[in-house]
Amino acid sequence: MAGDLSRLSLNQATTKYWSLREAVDGCVRAGIPAIGVWRDRLAETGVAAAARLLRDAGLHCSSLCRGGWFPAATRAERAARIDDNRRAIEEAATLNADVLVLVCGPAPDRNIRAARMMVEEGIAAVLPDAIQHGVTLGIEPLHPMFAADRSVITSLHEAIVLAERFDSPHVKVVIDAYHVWWDAGVYHLIRRCGARIAGYHVSDWITPLPDVLNGRGMMGDGVIELRSLREAVDAAGYRGFIEVEIFNETIWKMPGDAILSLMCERYLAHVAPT
C-alpha cells in the first residue's frame with residue numbers, strides 16, 4: 001500500500017479476537033511498525049515472552065493499557081489497585097512501552113470529588129516507581145458519558161491540570177480523538193499540553209452511536225475532523241505513534257487482516273500527513 005505508515009500503531013483493542021502473537025504477525029504483514037498492548041493479552045503470553053516477540057518482529061510498543069482505576073470503596077482495595085499499577089509499570093518497562101495509559105476509574109459511590117482525589121493520590125503513590133523504571137504515565141481523559149463507570153477524568157482540561165500538578169516528565173496525557181473531539185476548547189487545550197502529550201489515539205464518532213462502549217467507528221465513517229486534530233497534536237510537538245483504537249463488534253467480526261488493511265487505508269486517507 002502506497003503511503004507513509006511510519007507513525008501508525010495498532011492498538012490491540014481493534015483486533016479484539018487476535019492473540020498478541022496474531023496481532024504482531026498481522027502488523028508485520030501489513031507493514032505497521034508499532035503496537036499498543038493490552039494487559040489481558042499480555043498476561044496470556046507472559047511479559048518476558050511478549051517482549052521477545054515484539055523484539056524479534058521488530059515492532060515497537062507504543063503503549064501498554066491499562067493502568068489506573070484508582071478509586072475504591074476501602075483503603076485495602078485502593079492499596080491493591082496501587083500495587084496492580086506498580087506491576088503494570090514493571091510490565092511497561094519490560095516492553096519498553098512509550099507510555100502506560102491510565103484509565104483512571106469511576107467513583108465507588110456518588111462522591112465524584114472524592115474519587116478524583118483518589119486518582120491524584122494514586123498517581124502520587126506510583127510515580128516513584130515510574131521514575132525508577134523510566135516509565136511515562138499517561139492520563140487519558142474519557143468522554144463524559146463514561147464518568148459513571150470508567151473514569152472520573154472526563155475532559156482534556158482536567159487531565160492537563162492533573163498532570164501539571166505533578167510537574168514531572170513522567171506524568172503526561174494521552175489524547176484520544178473519540179473522547180475529546182466535541183470540546184469547544186480542544187485546540188487550545190492541545191496547545192497547552194505541549195510536551196506533555198504522551199500518546200494520540202484515533203477512531204471515529206458515528207451516528208447514531210450503536211453502543212456506548214463498543215460503538216467507535218473506523219476513521220472516515222463518522223464526524224470527527226481527524227486530520228485537523230492530528231495537525232494540532234503535531235503542532236504541539238508530538239512526534240510519536242498514532243494508535244488506532246476501535247471498539248466495535250461489527251469490525252471485530254471481520255478477518256483480522258481485513259481490519260488492518262482497512263485501517264491502513266483509512267489512516268492514510270483521513271489522519272496521516274498529506
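For residue 64, work out the one condition from (1) part of a loop (DSSP other than H, G, I, E, B); (2) buried (at least 21 other Cβ atoms within 10 Å of the Cβ); (3) of a type outside the set (Phe, Trp, Tyr) it doesn't fulfil.
The single condition residue 64 does not satisfy is (1).
What number of residues in segment 29-55 are of a type in the set (A, V, I, L, M, F, W, C), within 14 Å of residue 5 (Cβ to Cβ) and under 19 Å from the mean Cα position of the chain (by Cα)?
3
Filter segment 123-148 down to residues that are in contact with a helix residue (DSSP H, G or I) (Cβ under 6 Å, 6 or more places away or on another chain) and either part of a strand (DSSP E or B) or small (Gly, Ala, Ser) (or both), then give me how many there are.
The total comes to 4.
Residue by residue through segment 161-187, note down the ones that are part of a helix (DSSP H, G or I) and either closer than 16 Å to residue 242 by Cβ or in contact with a Cys (Cβ under 6 Å, 6 or more places away or on another chain) (or both).
Residues satisfying the conditions are 177, 178, 179, 180.
Is it true that residue 266 is under 20 Å from residue 36 (Cβ atoms) and in a loop (DSSP other than H, G, I, E, B)?
no
Please specify each residue of segment 107-135 satisfying the condition of being in contact with a Leu (Cβ under 8 Å, 6 or more places away or on another chain) and either modelled with pLDDT under 95 or surrounded by 22 or more Cβ atoms within 10 Å (Cβ to Cβ) (or both).
Those that are in contact with a Leu (Cβ under 8 Å, 6 or more places away or on another chain) and either modelled with pLDDT under 95 or surrounded by 22 or more Cβ atoms within 10 Å (Cβ to Cβ) (or both): 119, 123, 126, 130, 135.
Looking only at residues in segment 148-197 that are in contact with a Leu (Cβ under 7 Å, 6 or more places away or on another chain) and of a type in the set (Gly, Ala, Ser), which one is farthest from residue 114 (Cα to Cα)?
That would be 177.
Quick one: in segment 240-262, which of the residues that are touching a Lys or Arg at 6+ places or on another chain (Cβ under 8 Å) and over 19 Å from residue 204 (Cα atoms) is surrounded by the fewest Cβ atoms within 10 Å (Cβ to Cβ)?
Taking the candidates together, the pick is 257.
From the set of residues in segment 1-55 that are in contact (Cβ under 8 Å) with a residue 40 or more places away in the chain and assigned to a strand (DSSP E or B), which is farthest from residue 271 (Cα to Cα)?
Of everything passing the filter in segment 1-55, 37 is farthest from residue 271 (Cα to Cα).
Sort out which residues of segment 56-71 are without any contact (Cβ under 8 Å) to a residue 40 or more places away in the chain, under 18 Å from the mean Cα position of the chain (by Cα) and on the phi > 0 side of the Ramachandran plot, and write them in order of number.
69
Do the conditions hold for residue 187, that is, is it closer than 13 Å to residue 99 by Cβ and either at pLDDT 95 or above or surrounded by 24 or more Cβ atoms within 10 Å (Cβ to Cβ) (or both)?
When the stated conditions are applied, residue 187 does not pass them.
Scan segment 1-22 for residues that are in contact with a Ser or Thr (Cβ under 6 Å, 6 or more places away or on another chain) and within 14 Å of residue 40 (Cα to Cα) and jot them down.
20
Evaluate segment 230-238: report whether one residue or more is more than 16 Å from residue 140 (Cα to Cα), in contact with a Cys (Cβ under 9 Å, 6 or more places away or on another chain) and either assigned to a loop (DSSP other than H, G, I, E, B) or not acidic (Asp, Glu) (or both).
Yes, segment 230-238 has at least one match.
Six or more apart or on different chains, Cβ under 7 Å: which pairs go from a residue in segment 248-274 that's within 30 Å of residue 235 (Cβ to Cβ) to one that's exposed (fewer than 14 other Cβ atoms within 10 Å of the Cβ) and at pLDDT 95 or above? Could you list them?
Pairs found: 272/4.
The values are calculated or read from the model by the stated rules, or taken from the named source; none is laboratory data. Model, not experiment: these values are computed from the prediction. Note: ideal-geometry Cβ built from the backbone for every residue, glycine included; neighbour counts use all protein chains shown.
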